[in-house]
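**Student:** Got a structure for you, questions after.
The values are calculated or read from the model by the stated rules, or taken from the named source; none is laboratory data. Here the structure is a predicted model, which means the values were calculated and not measured. Glycine also receives a Cβ, built like all others from the backbone with ideal geometry; neighbour counts cover every protein chain displayed. Note: areas computed on protein heavy atoms with side chains; ligands, DNA, RNA excluded. Shrake-Rupley method; radii C 1.70, N 1.55, O 1.52, S 1.80 Å.
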Amino acid sequence: MDIIKIKNLTFSYDKQTIIRDINLTVEKGQAIFLLGSNGCGKTTLLDCILGLNKLDNGSVLIKGNNIKDLKPLEIAKNIAYVPQSYNLTFPYKVIDVVLMGRTPYISPFSSPSKEDVYIAEESLQIVGMSKYKDRIFTNLSGGEGQLVMLARALAQKTDVIVMDEPTSHLDFKHELMILETITNLVKDRNITIIMATHYPNQVFYFENNNINTTVLMLDKGKIEVMGNAMEVLIEENIKKVFDVNSKILSYRDLNNKSLNYIVPLNTYMDDKERVV
Amino acid sequence: MKLNNIKFKYILMIVMPLIFMFSSLFIGRYPISFSAIMKVLYMKISGVDFNIPDVFVSVIWDIRVPRAILGALVGGSLAISGAALQGLFHNPLVDSGILGVSSGAGFGAALAIVLFNNVFLIYIFSFGFSILAVFMSYMIGRIYKTAPNVMLVLGGVVVSSVFSALISFLKYVADPYNQLPTIVFWLMGSLAAADYGDVLIAAIPILIGTTGLIAIRWRINVLSMGDKEARSLGINTTVNKGIIIVCTTLATAGAVSVCGIIGWVGLVIPHIGRMIVGNDNKILIPVSLSLGACFLILIDNISRIITGSELPLSILTALIGGPFYIYLLKKTKGGSW
């Protein structure tokens, strides 16, 4: 079933077109990746999917309903959001942050119920952060904080989780931990992921873990290429979109399964520049 | 936190202001014995006549009781508004007057003093102009749509300084022997003239405002994550922000228009609350209400014993609150900041 259907989406800001004519169909359990250099419109496209932007043209349908007719509450029951970074002013406890994921299910003039607390604790358990429940969120490391944000998205009980570069400032291990957690969510819970990222290898990570991935390579707000990782992440496309020369390496693991990685080589686009 | 502990805290929150209000009946320059005060209270509640001198009855029932009630209402509403606005703007430096309520009220009062010098009109003008000031700040904030929080705060700062300039102008043209001192005293806040009329006038907007804030208190947590996240969590930020701004404005305007501008409470009481119970607005909002009420009654009690002519409240809120805040900071190491 199509969870999200984007038709001819165009969005501009101050008369400058940021996103041009995007068409995309997202099915349940799929992992969609947005790749592209800074300023190519990844975050803006995600904002359109979250219903935060007023479109110039085209539409975003969530389970057949046009997003512009949905209340924030109805969108939030279908799509959760994990931000790139957060600068929380107030030192809330971890559990209080996760409980915010229950907002669409809590009426405006009441507070979380016991059941909400239970769901929040369960979500923390899924991401392996149970013992951080009463810690202060602002004291956590970037990776721990991002896992809590994932738990908050889970507490929202949505089919889709939208992530904007969720690993952009994490260390080596925590980046992998986040990817592992997201992989498990897709596999075990059939959650749909829409994720903007700067690292093409993250797409291969999902592909290597047998997840149905679709890659959108964006350039100046347009889809340059779209398809599954094997088709799209080729040296020619990387060069075209990122201006980076690269090499795709593959090797076979113990089960004789082919795993791919991309290695960036240089940014020299012709021989003259190389002299410098 | 155990359940009993939470219940105990809630009971304490309700009982503490009552204890402060009750104890304030015994404080004042007119000496009245403990038994006489108890008799007055009993007489007023049960209707039994104890043959107490009229002046006792009047000092207790017509002066000290309304003053205690008004102190609780004003202190509580300033503190709860401060806490709610700090959460809304996710900025701990915000106080209850950030959107221009206080300077609007100050201008309204000064204008009424200069033009009419009528107590009721002072109330009407200060209330009206404080609402107008917030409305202007809000409209300035709406001009630029993408960063409404920063723009709202900036709008508040601009409107506040405009009204401050207008207050200075009114001070400059006011009659220096009569009107000027009245304006100056009004701007420093006092509960000295409190009567049941003031209580009634202040209570209506204050009760509407605080009830709204208490009802919506948990959502302030979500709003404090910023507009984008709050919306992705399912909150209509425009509507919810509007409710909070209307409630805080009603509560603050109701307070300042009857007793003048009282600084400090709306900024620091929420922080004292944060040190004691943490940052979850579900509990912080009612705690701020309770602490604000206790604090202002305490300050008012001190102001009427310390000198014969009562010290304006804004002087004491900072002089007493400041060291107390530092003491708490040392004791709790600032909570979790």
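**Student:** Take every DSSP beta bridge with both residues inside chain A and express the antiparallel ones as a percent of the total, to the nearest 5.
**Tutor:** Taking every DSSP beta bridge with both residues in chain A, the antiparallel ones total about 60 percent.
**Student:** With a Förster radius of 51 Å, plug the Cβ-Cβ distance of B:Leu200 and A:Asp188 into 1/(1 + (r/R0)^6) and report the FRET value to the nearest 0.05.
**Tutor:** After rounding, the FRET efficiency stands at 0.25.
**Student:** Could I ask something else about it? Semi-axes, largest first, in whole Å: what does sqrt of 5 times each Cα gyration tensor eigenvalue give for chain A?
**Tutor:** Output for chain A: semi-axes of 32, 24, 18 Å.
**Student:** Short version: ³J(HN,Hα) in whole Hz for each residue of the stretch A:68-84, in order, from phi by Karplus 6.51 cos²θ - 1.76 cosθ + 1.60 (θ = phi - 60°), x for Gly and Pro, what are they?
**Tutor:** Going residue by residue, I get 6, 8, 8, 6, x, 4, 6, 5, 5, 7, 10, 10, 9, 10, 10, x, 5 Hz, with x marking Gly and Pro.
**Student:** Next question, about the same structure. So between B:Leu121 and B:Leu12, what do we pick up on full extension, going 0.36 nm a residue minus the alpha carbon distance?
**Tutor:** 35.4 nm
**Student:** To the nearest 100 Å², how much accessible surface do chains A and B cover up together, summed over both, with a 1.4 Å probe?
**Tutor:** Chain pair A/B: roughly 2900 Å² of buried accessible area.
**Student:** Distance between the C-alpha centers of the stretch B:261-321 and the stretch A:158-232? Whole Å please.
**Tutor:** 51 Å
**Student:** Taking H as built 1.01 Å from N, whose amide H comes closer than 5 Å to the amide H of A:Ile19, not counting residues under 5 places away?
**Tutor:** So A:Ile19 has HN proximity to A:Phe11.
**Student:** Carbon and sulfur atoms: what percent of the 1.4 Å accessible area of the protein assembly as shown do they account for?
**Tutor:** Roughly 60 percent, rounded to a whole number.
**Student:** Just the Cα atoms of the stretch A:139-276, one point each, no solvent: what log10 I(q)/I(0) does Debye give at q = 0.12, 0.15, 0.18 Å⁻¹?
**Tutor:** Treating every Cα as an identical point scatterer, log10 I(q)/I(0) equals -0.56, -0.85, -1.14.
**Student:** Could you pull out every residue, at least 5 positions away or on a different chain, whose amide H is within less than 5 Å of the one on B:Phe116? Hs are placed 1.01 Å off N in the peptide plane, and Pro or chain starts have none.
**Tutor:** For B:Phe116, whose amide H was placed from the backbone, there are no distant partners under 5 Å.
**Student:** What are the ³J(HN,Hα) values, in whole Hz, obtained from phi via the Karplus relation 6.51 cos²θ - 1.76 cosθ + 1.60 with θ = phi - 60°, for each residue of the stretch A:224-238 in sequence order, with x given for Gly and Pro?
**Tutor:** Listing the rounded values in order: 7, 9, 8, x, 7, 3, 4, 6, 8, 7, 10, 4, 4, 5, 4 Hz.
**Student:** Let me ask you something else. Among all stretches of chain B without exposed trypsin sites (Lys or Arg not before Pro) (DSSP loop, at most 13 other Cβ atoms within 10 Å), which one is longest?
**Tutor:** In short, B:146-332.
**Student:** So, with +1 on the Cβ of K and R and -1 on the Cβ of D and E, and no other charges, what is the size of the charge dipole of the stretch B:18-172 about its Cα centre, to the nearest 20 debye?
**Tutor:** 160 debye
**Student:** Same structure again: About the Cα centre of the protein assembly as shown, how large is the charge dipole given +1 on each Lys and Arg Cβ and -1 on each Asp and Glu Cβ? Please answer in debye to the nearest 20.
**Tutor:** Roughly 840 debye for the protein assembly as shown.
**Student:** If you don't mind, there's one more thing I want to ask. For the stretch B:71-133 and the stretch B:31-65, what is the separation of their Cα centres, given in Å?
**Tutor:** 34 Å
**Student:** Right, another one. Could you tell me which residue out of A:Gln16, B:Ile243, B:Gly47 lies farthest along the dipole of the protein assembly as shown toward its positive end? Charges go on the beta carbon: Lys and Arg +1, Asp and Glu -1, centred on the Cα centre.
**Tutor:** Toward the positive end, the furthest listed residue is B:Gly47.
**Student:** Still on this structure: Would you mind working out the accessible area per residue for chain B, using a 1.4 Å probe, and quoting it in Å²?
**Tutor:** 43 Å²
**Student:** Can you give the average number of partner chain beta-carbon atoms within 10 Å of each beta-carbon in peptide A:245-257, as a whole number?
**Tutor:** What the average comes to for A:245-257 is 0.
**Student:** Can I ask one more? Dipole of chain A (Lys/Arg Cβ +1, Asp/Glu Cβ -1, origin at the Cα centre): which of A:Thr213, A:Asn245, A:Ile75 lies farthest to the positive side?
**Tutor:** A:Ile75
**Student:** Which order do B:Met139, A:Met100, B:Met43 take by accessible area at a 1.4 Å probe, largest first?
**Tutor:** B:Met139, B:Met43, A:Met100
**Student:** What is the set of long-range amide H partners of A:Asn57 at a cut-off below 5 Å, with H atoms built 1.01 Å from backbone N?
**Tutor:** For A:Asn57, the qualifying residues are A:Thr10.
**Student:** Using the Karplus curve 6.51 cos²θ - 1.76 cosθ + 1.60 with θ = phi - 60°, work out ³J(HN,Hα) for each residue of the stretch B:316-323 in order, rounded to whole Hz, and write x for Gly and Pro.
**Tutor:** Running phi through 6.51 cos²θ - 1.76 cosθ + 1.60 with θ = phi - 60° gives 6, 4, 6, 5, 8, x, x, x Hz.
**Student:** Which longest uninterrupted range of chain A lacks any chymotrypsin sites (Phe, Trp or Tyr not before Pro) assigned by DSSP to a loop state (not H, G, I, E or B) and surrounded by at most 14 other Cβ atoms within 10 Å?
**Tutor:** Between exposed loop sites, the widest span is A:110-267.
**Student:** Need one value for A:76-83: mean number of C-beta atoms belonging to other chains within 10 Å of its residues' C-beta atoms.
**Tutor:** 3
**Student:** Moving on. Can you compute the modelled spin-label distance between B:Leu329 and A:Asn8, with each label point 7 Å from Cα toward Cβ, in nm?
**Tutor:** 6.0 nm
**Student:** Taking only the Cα atoms of the protein assembly as shown, how large is their convex hull per residue, in Å³?
**Tutor:** 203 Å³
**Student:** Can you give the FRET efficiency to the nearest 0.05 for B:Phe185 and A:Lys222, using r as the Cβ-Cβ distance and R₀ = 51 Å?
**Tutor:** Computed FRET efficiency for B:Phe185 and A:Lys222 comes out at 0.15.
**Student:** While we're on this one: Name the residue from A:Gly128, A:Ser258, A:Thr183 whose Cα lies farthest towards the positive end of the charge dipole of the stretch A:128-276, charges +1 on Cβ of Lys and Arg and -1 on Cβ of Asp and Glu.
**Tutor:** A:Gly128
**Student:** What dipole magnitude, in Debye to the nearest 20, does the stretch B:191-318 give about its Cα centre under +1 on Lys/Arg Cβ and -1 on Asp/Glu Cβ?
**Tutor:** That gives a dipole near 500 debye.
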